[in-house]
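Bear in mind these aren't lab numbers, they're just calculated from the coordinates by the rules spelled out. Given the structure is predicted, the values throughout are model-derived calculations rather than measurements. Note that we place each Cβ from the backbone using ideal geometry, even for glycine, and neighbour counts take in every protein chain shown.
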Amino acid sequence: MTGLPWVWGATDAEVARRYPADDVVTGRPMTRAVPVAAPAPVLWRWLCQIAVAPYSYDLVDNLGRRSPRTLTPGADRLEVGQTMAIVFRLTSFDDGHHWTAVTGERGRRLFGTTSMTYAAEPAGPDRPDHSRLVCRMVTTWPRPASDALAWGDLVMMRKQLHTLRDLAERSS
C-alpha cells in the first residue's frame, strides 16, 4: 500500500516504520502525515486534544460543535481506557511522543476493529523547531470495504491533521 488512499503525506520511512497500532490490530495499515512548523512538544499537546474533540469536519463528526481552538487544561494527562476521537479507547501512550487507541464498542459498529497511533515526531536534529504529525490506522475490514473506509478516512484525516498542524503552529 504505497499510494492513495492508503498513504498520504507520509515519507517512505514513516510508512515502513512500525507504530503501536500495528501491534494492536492485524490488518491493512493507512499512514497519513504532515510537516508542522512547531516543535514536537507543542504538537504533542495538540494531539492530546483529540480526547476533547475530533478536530475534523465538526458538522459531520462533532454534531456541529466547533472543536476548541485553545488548549484544554489537563487534556494532556492521558489515561489508558479514556475516550479519544469520540469512538476510540486509549490503549497505550508514550508521553510526549505518541498515543494509541482501538475502536470501542460504538466504534467497532462504525469502523470495525481499527487501531490508530498519533505521533509527534521531531523533524530532525537540524530542525528542532519543526516536527512531523504522523497517524497510522490499521483496520481489519476486508476489501472492498477497507478501500471505502480508507477513502473516507483520507478526507476526514486530512482535515484533522491540517487543523491540528495549524493550531500547533499558531501556538508555537
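Can you give the net charge of the other residues whose Cβ lies under 12 Å from the Cβ of residue 46, counting K and R as +1 and D and E as -1? Mind dumping the intermediate values first?
Numbers: positive: 45, 69, 165, 170; negative: 76, 166, 169.
That works out to +1.
Can you compute 3J(HN,Hα) from phi for each residue in the stretch 74-90, using the Karplus curve 6.51 cos²θ - 1.76 cosθ + 1.60 with θ = phi - 60°, rounded to whole Hz and x for Gly and Pro?
x, 5, 8, 8, 6, 9, 3, x, 6, 7, 10, 6, 6, 10, 10, 10, 5
Of the DSSP beta bridges with both residues in the chain, give the percent that are antiparallel, rounding to the nearest 5.
Close to 95 percent.
Which part of the stretch 12-44 falls in the paramagnetic zone of residue 89, meaning amide N under 17 Å from the point 7 Å along Cα-to-beta-carbon?
Residues 21, 24-26 fall inside that zone.
For the stretch 98-111, take each phi angle, set θ = phi - 60°, evaluate the Karplus expression 6.51 cos²θ - 1.76 cosθ + 1.60, and give the result in whole Hz per residue in order, putting x for glycine and proline.
Once θ is set to phi - 60°, the couplings for the stretch 98-111 become 7, 9, 10, 9, 10, 4, x, 4, 5, x, 5, 5, 8, 10 Hz.
Just grab the label-to-label distance for residue 127 and residue 171, each label 7 Å out from Cα along the Cβ direction, in nm (one decimal).
2.2 nm
Candidates [x] 0.95; [y] 1.06; [z] 1.30; which is the computed Cα Rg over 2.2 N^0.38 Å?
[x]
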